[in-house]
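Visitor: I am attaching a structure below and will ask some questions about it afterwards.
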Amino acid sequence: MQGKINEVDKKLLSEVSNLENLSKGAYNIRKNGEGIERKVTENINIVTKTDKPGIDIYVKENTKFEFIHIPVIITESGRNDLVYNDFYIGKNANVIIVAGCGIHNDYHQDSRHDGIHRFFLEEGAKVKYIEKHYGEGKGEGKRILNPVTEVYLKAGSSMEMESSQIKGVDSTIRETKGELEENTNFIVSEKIMTHGKQFAKTVFDVKLNGKNASTHVISRSVATENSEQFFVSKIYGNHQCFAHSECDAIIKDYAKVTATPEITANNVDANLIHEAAIGKIAGEQLIKFMTLGLSEKEAEEEIINGFLK
């Protein structure tokens, strides 16, 4: 990596990926639309696509507890980066995948990354997927991130997805789609914070097609100043199945948050639940922290950090 990664790059990578763990498994680093560094292992192969930008990641069956890092960084103002990454996870494999994008924009043109990730899990496979988004820079150009995640779970497989928008992202539309066969489980946890005039929209679309398929979707968000957020959750129970979707949001200043649940039971044994709560920080919470010697602003920060933890 020497000579290809400068100090700005290292800062971005540290925000969206654990640099200490980067060399422990397979990885592919993408910078300004090009792959600049790659490592494969005995059980994990990474192949560049020939028909469009992106990579195919192949995990052998029975692979246990290996890491795959696929961070993307953008440091060029005006860069529009589109990438397609497909993950093929073999039977009974169990891996951790760390993705994410960091954008540094010091100039006036918008910088944008659209990442389309598809996961194909064979029977009994397990994946923990961690995705972080981060933006920084002094320029007026926007930092735009639009991730799409598609998950296809075969019998007995499971996937846990953790996504977080750390800060500095001006606009994002996040789409997550899932199709689940029998005895599968898909857990999604997202955390988003917006400020200024930032915009964030999240859309979940999960189809529970197999017997005993289940999903649990959890969204925690904080919207401040003049930012705006939308949360849309669509869950279809097409067999004997279980789903629980919950959206909790804190708003401050002139921010707006809209939550739109949609649950559809197409089977008498589908058990589908949705919960949503949007409101300001309770005065009792502020008083509790202020009695510890914190200012009102410091108390708010403690409450928000704990909420998004």
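The values are calculated or read from the model by the stated rules, or taken from the named source; none is laboratory data. Model, not experiment: these values are computed from the prediction. When we count neighbours, we look across all protein chains shown, and the Cβ atoms used for this are built from the backbone with ideal geometry, even at glycine. Each accessible area value is taken on the protein alone, full model and side chains, heavy atoms only, with ligands, DNA and RNA left out. Shrake-Rupley method; radii C 1.70, N 1.55, O 1.52, S 1.80 Å.
Visitor: Determine the order of SER14, SER221 by accessible area, beginning with the largest, at a probe radius of 1.4 Å.
Guide: SER14, SER221
Visitor: Please list the non-local residues whose amide H lies under 5 Å from the amide H of ARG174, H modeled 1.01 Å from N, same-chain partners needing a gap of 5 or more.
Guide: So ARG174 has HN proximity to LYS201, THR202, VAL203.
Visitor: With a Förster radius of 25 Å, plug the Cβ-Cβ distance of ASN92 and GLU42 into 1/(1 + (r/R0)^6) and report the FRET value to the nearest 0.05.
Guide: Between ASN92 and GLU42 the formula returns 0.90.
Visitor: Next up: May I ask you to derive the FRET efficiency for HIS195 and TYR107 from their Cβ-Cβ distance with R0 = 25 Å, giving the value to the nearest 0.05?
Guide: 0.75
Visitor: How about LYS64: which lysines have a C-alpha closer than 21 Å to its C-alpha, ignoring those fewer than 8 places off in the same chain?
Guide: Of all the lysines, those that pass the test against LYS64 - Cα under 21 Å, at least 8 places apart if same chain - are LYS24, LYS39, LYS91, LYS126, LYS128, LYS154.
Visitor: Taking N as the number of residues in the range 30-98, what value does Rg over Cα atoms divided by 2.2 N^0.38 Å take?
Guide: 1.21
Visitor: Suppose every K and R has +1 on its Cβ and every D and E has -1 on its Cβ; what is the size of the dipole of the range 230-296 about the Cα centre, in Debye to the nearest 20?
Guide: 160
Visitor: I've got another one for you. Roughly what percent of Cα-Cα pairs across the chain reach past 24 Å?
Guide: In whole percent, the long-distance tail amounts to 56.
Visitor: Here is a follow-up. For SER163, what residues show an amide H to amide H distance below 5 Å, using hydrogens built from the backbone and excluding near sequence neighbours?
Guide: The list, which skips near neighbours in sequence, is GLU131, SER189, GLU190, LYS191.
Visitor: Further question on the same structure: Work out from phi, with θ = phi - 60° and the Karplus expression 6.51 cos²θ - 1.76 cosθ + 1.60, the ³J(HN,Hα) of each residue of the range 75-81, listed in order in whole Hz, and give x for Gly and Pro.
Guide: For the range 75-81, the Karplus-derived couplings read 10, 9, 5, x, 6, 10, 10 Hz, x marking Gly and Pro.
Visitor: A further question on this structure: State the dimensionless ratio Rg/Rh of the range 105-196 (Rg: radius of gyration of Cα atoms; Rh: Kirkwood radius).
Guide: So for the range 105-196, dividing Rg by the Kirkwood Rh gives 1.10.
Visitor: What share of the DSSP beta bridges in the range 47-196 is antiparallel, in percent to the nearest 5?
Guide: The antiparallel proportion sits near 5 percent.
Visitor: Aspartates and glutamates within cross-link reach of LYS177: Cα-Cα under 18 Å, excluding same-chain residues under 8 positions apart?
Guide: Of all the aspartates and glutamates, those that pass the test against LYS177 - Cα under 18 Å, at least 8 places apart if same chain - are ASP86, ASP114, GLU122, GLU131, GLU150, GLU160, GLU162, GLU190, ASP205, GLU246, GLU262.
Visitor: Where is the GNM fluctuation largest for the chain (alpha-carbon springs, 10 angstrom cutoff): GLU34, GLU162, GLU20?
Guide: GLU20
Visitor: Please state the relative contact order of the chain as a whole percent: Cα pairs under 8 Å, 6+ residues apart?
Guide: Computed over the chain, the figure is 10 percent.
Visitor: Still on this structure: With a 1.4 Å probe and all protein chains in place, put ILE303, ILE130 in order of accessible area, largest first.
Guide: ILE130, ILE303
Visitor: Sticking with this one: Along each of the three principal axes of the Cα atoms of the range 215-261, give the extent in whole Å, ordering the values from largest to smallest.
Guide: Projected onto the principal axes, the Cα atoms of the range 215-261 cover 43, 13, 8 Å.
Visitor: Calculate one ³J(HN,Hα) per residue across the range 202-212 by plugging θ = phi - 60° into the Karplus curve 6.51 cos²θ - 1.76 cosθ + 1.60, and present them in order as whole Hz with x for glycine and proline.
Guide: With the stated coefficients, the range 202-212 comes to 10, 10, 9, 9, 10, 10, 8, 8, x, 4, 6 Hz.
Visitor: Oh, and also: May I ask what percent, to the nearest 5, of DSSP beta bridges between residues of the chain are antiparallel?
Guide: 5
Visitor: I would also like to ask the following. How large are Rg and Dmax for the range 137-237 when only the alpha carbon atoms are used, in Å?
Guide: 15.4, 51
Visitor: Could you look at the range 226-284 and say what percent of its accessible area is carbon and sulfur, using a 1.4 Å probe and all protein chains?
Guide: 48
Visitor: Using each residue's phi in the range 150-155, evaluate 6.51 cos²θ - 1.76 cosθ + 1.60 at θ = phi - 60° and report the 3J(HN,Hα) Karplus result to the nearest Hz, with x for Gly and Pro.
Guide: 10, 10, 10, 10, 8, 3
Visitor: What is the Cα convex hull volume of the range 1-122 when expressed per residue in Å³?
Guide: In the range 1-122, the Cα hull volume divided by residue count equals 98 Å³.
Visitor: So, one more: Among 39-46, 23-30, how do they line up from the highest to the lowest mean number of other beta-carbon atoms within 10 Å?
Guide: My ranking of the peptides, most packed first, is 23-30, 39-46.
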